[in-house]
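These notes concern the structure reproduced below.
The values are calculated or read from the model by the stated rules, or taken from the named source; none is laboratory data. Source: prediction; values computed, not measured. Cβ atoms come from the backbone with ideal geometry, glycine included; neighbour counts cover every protein chain shown.
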Amino acid sequence: MRRNLIDILDLSVEEIDELCAKAEDIYHNPEKYTDVCHGKIMGALFFEPSTRTRLSFTSAMMSLGGNVLGFSSAASSSVSKGETVSDTVRMVSAYSDIIVMRHPKEGAPIVAKMSSRVPIINAGDGGHYHPTQTLTDLMTIRRRHGRFDGLTIGVLGDLKYGRTVHSLVGAMSRYKNIKFVFISPDELKVPQHILNLYKEKISYIETENLEDVIGDLDILYMTRIQKERFSDLLQYERLKDSYELTREKLKNAKADMSVMHPLPRVTEINTDVDDDPRAAYFEEAECGRYIRMALILKLLADKTSDMPLEGETVTGKICGNPRCITSCERGIKHLIHNGRCIYCDRKID
Ligand code: NCD
């Protein structure tokens, strides 16, 4: 029996509270935790570039007294020889006690959990989800605002391909009186298949203009335009400079608003914002180390299993999404649950 973290909804709100509280305890009393993972090994399988996520997970496991093995690019693994995700994970789960994985295809961590003997943590699957960034975001929100209910959250930038956005919306959909203000160019709005999952639980408006709404926000969650996900680079060039937050624009924002960003930033936040007390993004990155320590401890200790899917799962229909892991992984079963591909959440007719 083991637990995995593929989607932020794999954790209950009570578990998220416990993780945030544990992360704060670790932050304030690191000496209590220096040896608690002695002899444990974390496999870090990064098929896609990463700085913060990979290094904060590595730092987290080392700070708990454990060890780390793995790779930081697909090119340096046997994937470059044509090995499947399933075979890679099957092997690495024999060499480690927990696996953190980032992959460019949506749903790849679900394939991983099917062939793993140890817990799988999704560290980002294509433009789909990024649940551990969301834990980092939630810890930052809890620190700065002391609550999750009743917040007005502006989410700006690439809401189409931004996986951190999709996981954040899912997480916040479980709290009371959340208002989302989605700020993006028309081409980069939150995809319908993501909205369909949460639209009954959240209230939201969509706009292209930050200046019109900045004064209403408790949180402004900025994101980078995700260059690597564009099939049309001319479209990227046209959209890449859509927004720039400056100190001047912050004049109209609430005094206690938080400016968040999963980082890396490109041009969407001017460095003149960094010294403003509302700039929360470096603190957010720091939280990543402590919340990931709490998560590793939880998943290594948790001997329950994942929550079962409700309803019937069928095979036979094919997911046609080229960004889905089903488009490239050999030997994979196409599984449809409640009319959606279980890997990428796309509706299948
Ligand atoms: C994000 C990601 O990888 O999705 N970065 C991160 O993990 N902190 C955001 C991004 O790359 O824009």
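So which residues in the stretch 220-234 are part of a loop (DSSP other than H, G, I, E, B) and surrounded by 14 or more Cβ atoms within 10 Å (Cβ to Cβ), if there are any at all? Explain how you work it out, then say what you get.
So in the stretch 220-234, the residues part of a loop (DSSP other than H, G, I, E, B) come out as 223-226, 230-232.
Within the stretch 220-234, 223, 224, 225, 226, 230 meet the criteria.
Pairs are defined by a Cβ separation below 7 Å, a sequence spacing of at least 6 or placement on different chains, a first member in the stretch 152-164 that is in the same structural domain as residue 241 (by TED's automatic domain parsing), and a second member that is within 9 Å of the ligand (Cβ to nearest atom) and part of a strand (DSSP E or B); the pairs so defined are 163/124.
Taken over the stretch 289-319, the criterion of being surrounded by 18 or more Cβ atoms within 10 Å (Cβ to Cβ) and free of Cβ contacts under 8 Å to residues at least 60 places away in the same chain is satisfied by 319 alone.
When restricted to residues that are buried (at least 20 other Cβ atoms within 10 Å of the Cβ), of a type in the set (A, V, I, L, M, F, W, C) and either touching an Asp or Glu at 6+ places or on another chain (Cβ under 8 Å) or farther than 24 Å from residue 117 by Cβ (or both), the stretch 9-60 contains 5.
Looking at residue 281, is it touching a strand residue (DSSP E or B) at 6+ places or on another chain (Cβ under 7 Å), among the aromatic types (Phe, Trp, Tyr), crowded, with 17+ Cβ neighbours inside 10 Å and over 26 Å from residue 97 (Cα atoms)? Quick ask: steps written out before the conclusion?
Numbers: touching a strand residue (DSSP E or B) at 6+ places or on another chain (Cβ under 7 Å): yes; among the aromatic types (Phe, Trp, Tyr): yes; crowded, with 17+ Cβ neighbours inside 10 Å: yes; over 26 Å from residue 97 (Cα atoms): yes.
Answer is yes for this residue.
If you go through the stretch 250-260 one residue at a time, do you hit one that is within 26 Å of residue 48 (Cβ to Cβ), loosely packed, with under 12 Cβ neighbours inside 10 Å and of a type in the set (Gly, Ala, Ser)? No, the stretch 250-260 has no match at all.
Determine whether residue 112 is more than 24 Å from residue 226 (Cα to Cα), more than 16 Å from the ligand (Cβ to nearest atom) and in contact with a strand residue (DSSP E or B) (Cβ under 9 Å, 6 or more places away or on another chain). Full working, then the answer.
On the way: more than 24 Å from residue 226 (Cα to Cα): yes; more than 16 Å from the ligand (Cβ to nearest atom): yes; in contact with a strand residue (DSSP E or B) (Cβ under 9 Å, 6 or more places away or on another chain): yes.
Here the answer is yes, as residue 112 does meet what is asked.
Just one of the numbered conditions (1) within 24 Å of residue 11 (Cα to Cα); (2) in contact (Cβ under 8 Å) with a residue 24 or more places away in the chain; (3) out of contact with any Lys or Arg (no Cβ under 8 Å at 6 or more places or on another chain) is not true of residue 213: (1). Inside the stretch 115-132, can you point out the residues that are crowded, with 18+ Cβ neighbours inside 10 Å, away from the ligand (no atom under 16 Å from the Cβ) and of a type in the set (Gly, Ala, Ser)? Within the stretch 115-132, just 116 meets the criteria. One residue is enough: does the stretch 224-239 have a residue meeting the conditions of a type in the set (Ser, Thr, Tyr) and away from the ligand (no atom under 16 Å from the Cβ)? Taking every residue of the stretch 224-239 in turn, at least one turns out to be of a type in the set (Ser, Thr, Tyr) and away from the ligand (no atom under 16 Å from the Cβ).
When only residues in the stretch 178-206 that are hydrophobic (A, V, I, L, M, F, W, C) and farther than 19 Å from residue 245 by Cα count, which is surrounded by the fewest Cβ atoms within 10 Å (Cβ to Cβ)? Before the answer, list the steps.
From the stretch 178-206, those hydrophobic (A, V, I, L, M, F, W, C) are 178, 180-183, 188, 190, 194-195, 197, 202, 205; that's our starting set.
Cutting the leftovers down to farther than 19 Å from residue 245 by Cα gives us 178, 190, 194-195, 197, 202, 205.
Numbers: 178: 21, 190: 21, 194: 22, 195: 17, 197: 17, 202: 18, 205: 12.
For the stretch 178-206, the residue satisfying everything is 205.
Considering only residues in the stretch 133-152 that are more than 11 Å from the ligand (Cβ to nearest atom) and of a type in the set (Ser, Thr, Tyr), the one that is surrounded by the fewest Cβ atoms within 10 Å (Cβ to Cβ) turns out to be 152. Counting only residues that are more than 16 Å from the ligand (Cβ to nearest atom) and touching a residue at least 40 places away in the same chain (Cβ under 8 Å), the stretch 72-108 holds 12 of them.
Residues that are aliphatic (A, V, I, L, M), more than 16 Å from the ligand (Cβ to nearest atom) and under 12 Å from residue 273 (Cβ atoms) within the stretch 240-262 comprise 250, 253, 257, listed in sequence order.
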